[in-house]
Amino acid sequence: MNKHHYTINLEPSKMPDAWYNINPDMPSPLPPPLNPQTLQPINPSDLEAIFPKGLIEQEVSQDRYISIPGEIMDIYQLWRPTPLRRAYRLEKALDTPAKIYYKNESVSPSGSHKLNTAVAQAYYNKKEGILGLTTETGAGQWGTALSIACSMFNLECTVYMVKISFNQKPYRRILMQSYGAKVIPSPSDTTDFGREILKKDPNNTGSLGIAISEAIEVAAKSGGVKKYTLGSVLNHVLLHQTIIGEEAKLQMELIDEYPDIVIGCVGGGSNFAGLAFPFVHDVLKKEKKIKFIAVEPAACPTMTRGIYAYDYGDTAGMTPLLKQYTLGHNFMPPGIHAGGLRYHGVAGQVAHLIRHGVITPTAVLQNPVFQANLLFAKCEGIIPAPESGHAVRVAIDEALKCKESGEAKTILFNLSGHGHFDMSAYDEYINSKLPDYELEDEILKKGFEGIPKVNL
Ligand SMILES: *Cc1c(COP(=O)(O)O)cnc(C)c1O
């Protein structure tokens with residue numbers, strides 16, 4: 001028998017049928033979200049203008065496990081359980097005693113983990129009679145996932161795509177349109193907020209914050225027939241992603257393994273949390289010891305250089321305020337290629353666990369990320385998304401530390417998606433045209449000035 005477990009598959013019948021909610025296990029209660037008008041703790045019903053009740057319930061739930069409805073389980077089976085892989089060939093190339101495992105979320109039809117929550121969000125909206133969903137997309141990953149989910153539940157899908165990406169990434173746009181989504185470059189003349197921006201600056205190339213404001217406006221003014229969806233940051237989104245970590249735990253159990261180090265890249269925090277939180281449960285409740293590393297780009301250093309404060313999720317200040325690490329909701333990060341990681345804030349749950357010392361954040365530059373991605377691709381055959389490469393980089397660095405110390409640590413990271421729509425970024429790297437950005441304090445200071453003053 002082959003002793004080597006290259007791929008650890010979970011039988012479809014063993015797929016976990018509940019998501020893990022970390023709220024009841026938090027070392028202290030999570031600071032409450034604030035109403036953007038009153039700056040006082042929000043009443044969950046205030047959220048009903050933009051979200052369905054089922055998701056608001058999950059947002060504030062204190063139940064440790066929330067069962068996954070059968071209809072969602074059926075759709076998950078199109079690509080789940082995803083494989084856990086041991087990266088033997090990468091270990092060999094690094095000549096490390098470390099054992100490197102990765103959860104391969106790139107096998108989903110959308111090419112990333114985001115479909116895990118898109119399907120769940122579409123389901124709960126459909127159940128409450130909603131006719132259409134609105135959202136924003138930057139790099140296009142979230143818009144793609146929501147387009148697929150909407151097509152499965154027969155919902156209208158409107159995606160505000162950051163204008164610069166709309167122009168630079170036609171394939172992503174066409175992909176969304178193929179599933180039936182309406183894709184609008186943002187800022188646009190379809191909303192009051194978009195028109196206001198365009199009046200001041202007709203050549204504005206857009207930002208995620210502006211696109212969020214437009215998508216929320218459409219939902220809020222739809223008379224209740226359309227709702228808004230977010231692909232990261234909120235508690236219910238992180239909750240849906242925990243299927244990743246719940247599966248990984250069972251897969252590691254199958255081969256008698258347990259991680260010493262768990263790594264994920266962080267934009268809003270959902271794929272990292274999805275893999276890590278089920279293991280954080282073991283650390284908080286079962287005295288296990290694991291090092292959790294949350295990796296962000298040095299060009300958008302939210303967790304490593306941001307301020308822990310209440311801030312909005314969007315540029316217009318329409319979303320509830322979350323206590324988080326933030327660079328300021330007006331902060332415009334440089335145009336690095338990991339578009340999914342260019343967000344000024346981070347999930348409140350992830351921020352809270354950083355405050356409590358459970359999660360360690362770190363930042364990496366994009367050239368070393370692409371270097372790691374190409375080594376990974378040559379060993380494992382998969383071209384990682386630029387975002388996922390941040391986790392690959394740190395997994396390799398940790399494995400190299402093991403080579404120095406001679407320790408055989410078990411490393412687990414999340415391969416959040418593939419990079420098939422990011423080949424122009426690889427082209428720039430291969431031709432040595434990829435810039436690295438180390439942000440000066442002065443630039444960050446400007447962003448911090450936009451953080452609202454909250455007396456709580
Ligand atoms: C969107 C995206 C991310 C970043 O979002 P998180 O919510 O932090 O997971 C990471 N990797 C891929 C492939 C993405 O599409």
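General remarks:
- Summary value for the range 264-361: 31 percent relative contact order, contacts being C-alpha pairs under 8 angstrom separated by 6+ residues.
- This model, with +1 at the C-beta of Lys and Arg and -1 at the C-beta of Asp and Glu, gives the chain a dipole about its Cα centre of some 340 debye.
- Across the range 31-40, rounded Karplus estimates of 3J(HN,Hα) from the backbone phi angles (6.51 cos²θ - 1.76 cosθ + 1.60, θ = phi - 60°) give x, x, x, 10, 5, x, 7, 8, 6, 10 Hz, Gly and Pro being marked x.
- Pairs of Lys in the range 376-456 closer than 29 Å at Cα, counting only those 8 or more apart or on different chains: 8
- Mean residue ellipticity (222 nm) of the chain, computed from DSSP H runs ≥ 4 via -39,500 (n - 2.57), nearest 500: -12000 deg cm²/dmol
- Taking a ≥ b ≥ c as the square roots of the eigenvalues of the Cα gyration tensor, the range 321-456 is oblate, since a/c reaches 1.5 or more and a/b is not larger than b/c.
- Rounded to the nearest Hz, the phi-derived 3J(HN,Hα) couplings of the range 323-340 under the Karplus curve 6.51 cos²θ - 1.76 cosθ + 1.60 (θ = phi - 60°) are 6, 7, 8, 9, 9, x, 5, 9, 4, 10, x, x, x, 6, 7, 7, x, x, where x marks glycine and proline.
- Amide H to amide H, with H built 1.01 Å from N, Ala87 comes under 5 Å of Ile100, Tyr101, Tyr102, counting only residues 5 or more places away or on other chains.
- If R0 equals 22 Å, the separation of the Cβ atoms of Thr360 and Leu400 corresponds to a calculated FRET efficiency of about 0.80.
- Packing-based exposure ordering (other Cβ within 10 Å, fewest first) of Ser28, Ser61, Ser270, Ser178: Ser28, Ser178, Ser61, Ser270
- Reachable lysines from Lys127, criterion Cα separation under 29 angstrom, eight or more residues apart if same chain: Lys14, Lys53, Lys114, Lys182, Lys221, Lys226, Lys227
- Distances between placed amide hydrogens fall under 5 Å for Ile383 paired with Gly419, all partners being 5 or more residues away or on another chain.
- In sequence order, the range 311-317 has phi-based couplings of 8, 6, x, 10, 5, 7, x Hz under the Karplus curve 6.51 cos²θ - 1.76 cosθ + 1.60, θ = phi - 60°, and Gly or Pro positions carry x.
- Pairwise FRET efficiency - Lys182 versus Ile443, Cβ, R0 = 22 Å, nearest 0.05: 0.05
- Projected-area mean, the chain, by convex hull of Cα positions, square nanometres: 20.8
- Gain in span if fully extended, Leu375 to Tyr6, counting 0.36 nm per residue against the direct Cα distance: 131.1 nm
- Cα shape, the range 409-456, gyration tensor, a/c 1.5 rule: oblate
- For Leu39, no residue has an amide H sitting under 5 Å from its own, ignoring neighbours fewer than 5 places away on the same chain, with H placed 1.01 Å from N.
- Of the residues Trp142, Trp79, the one with the fewest other Cβ atoms within 10 Å heads the list, and the complete ranking is Trp79, Trp142.
- Note on Asp46 and Leu131: the extension gain reaches 28.6 nm, defined as 0.36 nm multiplied by sequence separation minus the Cα-Cα distance.
- Exposed-site-free run, longest, the chain (rule: trypsin sites (Lys or Arg not before Pro); DSSP loop; at most 15 other C-beta within 10 Å): 65-220
- The range 6-38-the range 95-156 distance, computed between alpha-carbon centres (Å): 16
- Counted by neighbouring Cβ atoms within 10 Å, the residues Glu387, Glu449 run from fewest to most as Glu449, Glu387.
- Model label points for Ile430 and Gln77, set 7 angstrom from Cα along the Cα-to-Cβ axis, are 4.1 nm apart.
- Evaluated on the range 356-408, the Kirkwood hydrodynamic radius is 12.0 Å, with distances taken between all distinct Cα atoms.
Read-outs throughout are calculated quantities, based only on the coordinates presented, and are distinct from any laboratory measurement. The structure displayed is predicted, hence computed values, not measured ones. Positions of Cβ are backbone-derived with ideal geometry, glycine not excepted, and every protein chain shown enters the neighbour counts.
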